[in-house]
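The structure under discussion appears below in the form of structure tokens.
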Amino acid sequence: MIKNLYENDLGYMIGTVYSTVLGYEIEVMYTKDISQSYVEKNVEYFNNLDPAFVEKLCAALKRFFDDYYEMNPDLSEDFADDLIEEYGTDPKSILKYIDIGIYSFDEYDIENENVPVLNLSGDCEWNGDQQITILAKDNNLVYVGPFLEYSVWNQEGVVKGCLYNYAVPENDG
């Protein structure tokens, strides 16, 4: 499942996987302390996301876009009308305005090895150079917003400490 796996100069394992949700390949990145089977199990989860979860993710992305567009309409004018119109007929169309590059994995406690997680980062059309981060744990969005280097396992810190979090947490778990 993971292609072209190698260890980089910083000691991270890097490889590529195909995302059926996004329709293109993305990099996975994890430390050698994390098993490849754990990473592959989470990639499998990502590639088979529940459609209701994908809808929640797309709604969070739309809230992020709406807020950014309200503050910076001139920076989004080239594509805003198309995004808004397409989202109105197909909410998943907003996914084509993001370009996820990395699916990262943080160290986890052994009791959490079966809890599915997403820690995605990359570019998005409306946020310029700041990039985007999407964090989810156990089918709940934790964070959607500007790039954030944070562990999905520190959900409380993410939810309480981030001004621009467009995810609507379903619980404080």
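The values are calculated or read from the model by the stated rules, or taken from the named source; none is laboratory data. Everything numeric in this text was worked out from a predicted model, so none of it was measured. Don't worry about glycine lacking a Cβ; one is built from the backbone with ideal geometry, like all the others, and counts go over all protein chains shown. For the accessible areas, the whole protein counts, side chains as well, though only heavy atoms, and no ligand, DNA or RNA atoms are used. Shrake-Rupley method; radii C 1.70, N 1.55, O 1.52, S 1.80 Å.
Quick one: is Asp109 open to solvent by 80 Å² or more (accessible area, probe 1.4 Å), at pLDDT below 95 and under 26 Å from Asn140 (Cβ atoms)? Write out each step before concluding.
Working: open to solvent by 80 Å² or more (accessible area, probe 1.4 Å): yes; at pLDDT below 95: yes; under 26 Å from Asn140 (Cβ atoms): yes.
Spelling it out, Asp109 is indeed open to solvent by 80 Å² or more (accessible area, probe 1.4 Å), at pLDDT below 95 and under 26 Å from Asn140 (Cβ atoms).
For Glu44, only one of the following conditions fails: (1) within 25 Å of Thr16 (Cβ to Cβ); (2) out of contact with any Leu (no Cβ under 8 Å at 6 or more places or on another chain); (3) open to solvent by less than 70 Å² (accessible area, probe 1.4 Å). What is its number?
(3)
Pairs, please: C-beta under 8 Å, at least 6 apart or cross-chain, first residue in contact (Cβ under 8 Å) with a residue 40 or more places away in the chain and of a type in the set (Asp, Glu) and in segment 37-62, second surrounded by 18 or more Cβ atoms within 10 Å (Cβ to Cβ) and in a loop (DSSP other than H, G, I, E, B)?
none
Among (1) touching a residue at least 40 places away in the same chain (Cβ under 8 Å); (2) touching an Asp or Glu at 6+ places or on another chain (Cβ under 6 Å); (3) open to solvent by 20 Å² or more (accessible area, probe 1.4 Å), there is one condition Val115 misses while meeting the rest; what is its number?
Against the list (1) touching a residue at least 40 places away in the same chain (Cβ under 8 Å); (2) touching an Asp or Glu at 6+ places or on another chain (Cβ under 6 Å); (3) open to solvent by 20 Å² or more (accessible area, probe 1.4 Å), Val115 comes up short only on (1).
Are there any pairs with C-beta distances below 6 angstrom linking a residue in segment 122-142 that is among the β-branched types (Val, Ile, Thr) to a residue that is open to solvent by 60 Å² or more (accessible area, probe 1.4 Å), with the two at least 6 apart or on different chains, and if so which?
Listed pairs, sorted by first residue: Thr133/Phe147.
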